[in-house]
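Take a look at the following structure, please.
What follows draws every value from the coordinates through simple rules; no lab data is involved. Please read these numbers as outputs of a predicted model, since none were measured by experiment. All Cβ positions, glycine included, derive from the backbone under ideal geometry; neighbour counts span all protein chains shown.
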Ligand SMILES: C[S@@+](CC[C@H](N)C(=O)[O-])C[C@H]1O[C@@H](n2cnc3c(N)ncnc32)[C@H](O)[C@@H]1O
């Protein structure tokens, strides 16, 4: 967790450098679904998906695991009536940015709460409001393993609570190869796994699959020729990926190379905590 906190504390400035927004800057992929017309809508695509589920289920609380600077919380604040919005991030820099936006929005912390710490730590992600949705947008990969992550959330959840995961996954049958190893090291992402392995871990930790969607065709995928350039770049930078800034570049190049080679896929999974 310490290395993830350092990674986000040191890289947060860079993540926002090219964005001009009137709210928290999302730290996730743009999703260019067929009806999406603008970069902002592509960033908000995953937020809208969570908002739709929250409205349909009439949830009392959304707990965002790895909330970044609060982009999802802000979106839900503006577009839904969910009474309790809580985010957890490993990064103090991100948390202070999220709290700044919280103040801009309504000046109170009653509806929107941000905690700093490890989402695997017992007690940190508990909240009284029910029913709940736990969300993990491009954050599960940072856990020590998918199973450890699912177990920690299962321990905090009640039967009927949902977990919404949106993340990079490995293509069927892939476990490790050059670009995957560089991605794991660069982005501090040991838990990246296949959907099949995640579902085995989900069953073992008391989660049932509600829905699975493949958004891969809607995220940027370079051609094979460009992927080879990214592969070379990640190789050149990999040796210095212990430094957060270089790790971000090296891991990002490896991820792009992997998308161009068909090694990664971008998936959304909805899981529901089963009755004991
Ligand atoms: C790629 S960013 C995604 C941020 C946000 N979900 C978004 O879409 O903008 C990953 C987030 O996961 C958080 N994270 C990773 N591991 C964590 C851990 N063990 N405990 C708490 N937060 C963690 C990081 O602090 C960061 O906020």
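Give the value in nm², to one decimal: projected area of the alpha carbon convex hull of segment 54-154, averaged over all directions.
Directional mean of the projected Cα hull area for segment 54-154 stands at 6.0 nm².
Just to verify a number: FRET efficiency for residue 220 and residue 172, C-beta to C-beta distance, R0 = 25 Å, to 0.05?
Values: r = 21 Å, r/R0 = 0.86.
Given R0 = 25 Å and the Cβ-Cβ separation, E is 0.70.
Taking only Cα atoms of segment 143-216, what ratio of Rg to Rh do you get with Rh as the Kirkwood inverse-distance radius?
That ratio equals 0.97.
In what order do 102, 140, 261 fall by count of nearby beta-carbon atoms within 10 Å, going from fewest to most?
Least crowded to most crowded, the residues run 261, 102, 140.
Where does each of 267, 256 land when they are ranked from fewest to most other beta-carbon atoms within 10 angstrom?
Least crowded to most crowded, the residues run 267, 256.
Moving to a separate point now. If one computes P(r) from the Cα atoms of the chain, what percent of pairs lie at distances over 37 Å?
When all Cα pairs of the chain are counted, 7 percent exceed 37 Å.
Where does the chain land at 222 nm, in deg cm²/dmol rounded to the nearest 500, when only DSSP H runs of n ≥ 4 count, each adding -39500 (n - 2.57), divided by all residues?
The helix contribution divided over the chain gives -13500 deg cm²/dmol.
So for segment 175-276, what percent of the C-alpha to C-alpha distances run longer than 19 Å?
Roughly 49 percent, rounded to a whole number.
Also: Sorted from fewest to most neighbouring beta carbons within 10 Å, what does the list 30, 182, 224, 188 look like?
Numbers: 30 18, 182 24, 224 11, 188 21.
In increasing order of surrounding Cβ atoms, one gets 224, 30, 188, 182.
I want the antiparallel fraction of DSSP beta bridges within the chain, as a percent rounded to 5.
45 percent
How big is segment 75-213 along each principal axis, measuring the range of its Cα positions in Å and listing the largest first?
Reported extents, whole Å, longest axis first: 48, 34, 28.
With an 8 Å cut-off on Cα pairs and a minimum separation of 6 or more residues, tell me the relative contact order of segment 128-203 in percent.
It comes to 43 percent, rounded to a whole number.
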